[in-house]
Every structure is written in C-alpha cells, then in structure tokens.
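A short worksheet on the structure shown next.
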Amino acid sequence: MSETTYTTLLTRTDGPVGIIQLNRPKQLNALNDTLMDELGAALRTFDADDAIGCIVLTGSDKAFAAGADIAAMAQHTFPDVYRTEYITRNWEALRHVRKPVIAAVAGYALGGGCEVAMMCDIIIAADSAKFGQPEVKIGVIPGAGGTQRLPRAVGKAKAMDLVLTGRMMDAAEAERAGLVSRVVPADKLMDEALATARAIAALPRLAVLAAKEALNRAFEAPLSEGLQFERRMFHAMFATADQKEGMAAFLEKRAPQFQGR
Ligand code: CAA
C-alpha cells in the first residue's frame with residue numbers, strides 16, 4: 001500500500017487492520033475541513049485495499065474529538081454554510097465505507113466527535129471516555145447526526161436529556177444506555193480494539209460486508225423491507241466460496257481457510 005502523509009491524521013497498518021488516528025492534539029482533535037477531507041481520503045484508501053479487513057479510528061488519550069472546530073466556524077454565516085453544504089460535503093465519507101469501522105474512544109467525544117463515533121460500526125470506549133452533544137451551549141444544534149443517531153442508539157429519553165442540556169455522560173452510563181459496545185480500562189483500549197478488528201478481518205470478507213450492510217438497513221427501512229433485504233443477502237452468501245468452505249470446515253471439524261470471495 002502506498003504511504004500517504006496527512007497533516008491532521010496518523011495512519012498505519014497492523015496486519016489486516018488499518019488504523020487512523022486523529023492528530024490535532026492542541027485542539028483536542030477538533031474537526032476542521034482539512035481533517036474531514038483527510039479522514040475521508042484515509043478511509044477510502046483502506047476501504048479499497050484488499051489487504052485490509054477492518055479499520056480502527058481513534059484519537060488521543062485526552063480526546064477522541066472535542067467536536068467541530070469552533071474557531072473555524074465561529075464567523076460562518078448562513079449563506080456560507082448553506083451554499084457550501086457545510087458538514088454534508090465532507091462528513092459523509094464514513095457512511096460509505098463498506099468495511100467495518102471500530103471507533104476506539106478515550107477522553108472527550110463531544111459534538112461532532114460523538115457524531116463521528118456514532119457513524120462507526122462498533123464503539124469501544126476507554127473508562128475515561130466522555131460522550132455528549134453540547135452544541136446547544138454554543139447556540140447551535142448537532143449537525144452531523146446527533147439528533148438522529150443518538151436517539152436510535154440510546155432512546156428518546158436519554159437523547160433528549162443529553163442534547164437539551166448539553167451535559168456529558170461517562171463511559172459507564174454510555175454502556176448502560178447502549179451507545180458503546182464495550183468499556184475497557186484506558187490502557188487496554190487499543191489492544192481491545194485491535195484484537196476485535198483482527199478477529200473481524202479473519203472472517204469471510206463478503207459475509208462481513210453483507211452483515212454490515214444488512215444491519216444498517218435496520219435503521220433506514222421499514223421492518224418488512226429490512227427483513228426482505230436480509231433474506232436476499234443471506235441467499236447471496238450461498239454464491240460465495242467462503243460459505244462452502246466455512247460450512248465444510250465446520251462439518252469436517254477443521255479450521256476454515258477463507259479466501260475472501
Ligand atoms: N473547536 C476548536 N477548538 C477546541 C474545541 C473545539 N470544538 N474543543 C477544544 N478546543 C481547543 C480549546 O480552544 C483549547 O485551545 P487553546 O489551548 O488554544 O486555548 C484546547 O482545545 C484545549 O481545550 P480546553 O482548554 O478547553 O481544555 P479543557 O480540558 O479545559 O476542556 C473540553 C475540554 C470540555 C472538551 C472543552 O475544550 C470544550 O468544551 N470544548 C468544546 C466542546 C464543544 O462544544 N463541542 C461541540 C462543537 S460544535 C459541533 O460539533 C457541531 C456539530 O454537530 C458538527
């Protein structure tokens with residue numbers, strides 16, 4: 001894979017795992033246009049790389065990301081943001097990634113930072129993580145899915161509580177509420193995220209992509225349509241070599257040799 005140098009990200013690979021680290025430490029990884037452009041490019045690069053089976057997105061010990069960059073947007077006017085499609089232009093990249101993306105969150109995940117984490121497929125939180133949508137405190141509202149994905153994750157009661165007060169919730173509350181998949185000690189965060197990513201990357205690639213696509217349908221489609229989509233994807237798996245291999249290996253009581261096709 002060709003190396004790309006980013007100004008706001010660090011990227012590396014660990015076997016079949018692509019790792020993207022948000023890297024604006026002085027601004028607590030505040031999300032500006034350069035960072036979101038680079039994040040999109042890094043995600044697309046790993047998504048297109050056959051050697052990569054899963055992506056981990058992380059920040060620093062202090063902050064996953066403290067939100068959209070307030071300094072960059074403070075002087076924006078309505079015509080600026082409306083005409084340029086601020087937020088939609090370069091924040092949608094995560095939605096189009098087909099491989100699983102794990103957010104490994106330590107410290108603050110606020111505003112756009114919480115929204116970016118929610119665009120990922122699995123959130124693994126350090127016990128130091130703090131989640132919140134504090135936008136009302138600065139005179140705006142969440143603009144990258146906070147009012148839509150948060151209630152789907154935690155229900156209306158908790159989402160209203162968080163969005164209307166702007167308060168933060170800690171990792172334990174986020175796990176109870178269903179926002180995060182697991183909470184681990186901060187010093188184990190990357191080990192846990194990478195172990196999970198490696199386990200996913202070792203699975204039949206097409207089944208993993210199909211499972212992610214079908215699960216995401218649950219949030220977009222009525223139940224009957226989602227069930228039909230799931231069934232068709234289930235049927236489609238019978239056209240893959242890895243289905244033959246996975247089932248044969250199970251019956252022959254041996255380890256499977258998956259080919260990713
Ligand atoms: N944008 C720009 N800069 C930010 C930032 C942000 N969202 N969050 C923190 N920073 C900067 C601070 O300005 C500060 O810079 P200086 O050292 O140059 O003064 C530096 O990061 C460190 O921050 P603090 O000194 O404030 O650190 P702290 O530990 O005292 O507090 C914090 C940490 C509670 C996260 C606090 O920084 C904070 O409240 N940040 C803003 C959170 C926020 O409102 N996020 C929502 C933004 S709007 C949004 O995201 C819209 C959307 O939906 C897309």
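The values are calculated or read from the model by the stated rules, or taken from the named source; none is laboratory data. None of the values given here were measured: they were computed from a predicted structure. Heads up, the Cβs are rebuilt from the backbone with ideal geometry, glycines too, and the neighbour counts pull from every protein chain shown. Calculation scope for accessible area: heavy atoms of the full protein, side chains included, ligands and nucleic acids excluded. Shrake-Rupley method; radii C 1.70, N 1.55, O 1.52, S 1.80 Å.
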Residue within the range 193-203 that is away from the ligand (no atom under 16 Å from the Cβ), of a type in the set (A, V, I, L, M) and in a loop (DSSP other than H, G, I, E, B) present: yes
Positions within the range 173-185 being more than 17 Å from the chain's Cα centre (by Cα), open to solvent by 50 Å² or more (accessible area, probe 1.4 Å) and closer than 25 Å to residue 159 by Cα, in sequence order: 176
Residues that are part of a helix (DSSP H, G or I), among the aliphatic types (A, V, I, L, M) and without any contact (Cβ under 8 Å) to a residue 24 or more places away in the chain, drawn from the range 216-236: 223, 227, 233
Residue 166 vs. criteria in contact with a strand residue (DSSP E or B) (Cβ under 8 Å, 6 or more places away or on another chain) and at positive phi: yes
Single unsatisfied condition, residue 109 versus (1) of a type outside the set (D, E, K, R); (2) within 15 Å of the ligand (Cβ to nearest atom); (3) open to solvent by 40 Å² or more (accessible area, probe 1.4 Å): (3)
Residue in the range 126-147 that is over 17 Å from the mean Cα position of the chain (by Cα), more than 11 Å from the ligand (Cβ to nearest atom) and either over 14 Å from residue 176 (Cβ atoms) or at pLDDT below 95 (or both) present: yes
For residue 80: the one exception among (1) charged (D, E, K, R); (2) within 13 Å of the ligand (Cβ to nearest atom); (3) without any contact (Cβ under 8 Å) to a residue 24 or more places away in the chain: (2)
Matching entry among 30, 68, 117, 104 (being outside the structural domain of residue 217 (by the TED database), away from the ligand (no atom under 16 Å from the Cβ) and either in contact (Cβ under 8 Å) with a residue 40 or more places away in the chain or in contact with a Pro (Cβ under 9 Å, 6 or more places away or on another chain) (or both)): 104
Some residue of the range 2-23 being in contact (Cβ under 8 Å) with a residue 40 or more places away in the chain, open to solvent by 30 Å² or more (accessible area, probe 1.4 Å) and closer than 28 Å to residue 168 by Cβ: no
Single unsatisfied condition, residue 141 versus (1) more than 17 Å from residue 29 (Cβ to Cβ); (2) in contact with a Ser or Thr (Cβ under 8 Å, 6 or more places away or on another chain); (3) surrounded by 14 or more Cβ atoms within 10 Å (Cβ to Cβ): (3)
One residue from 162, 203 being over 18 Å from the mean Cα position of the chain (by Cα) and touching a residue at least 40 places away in the same chain (Cβ under 8 Å): 203
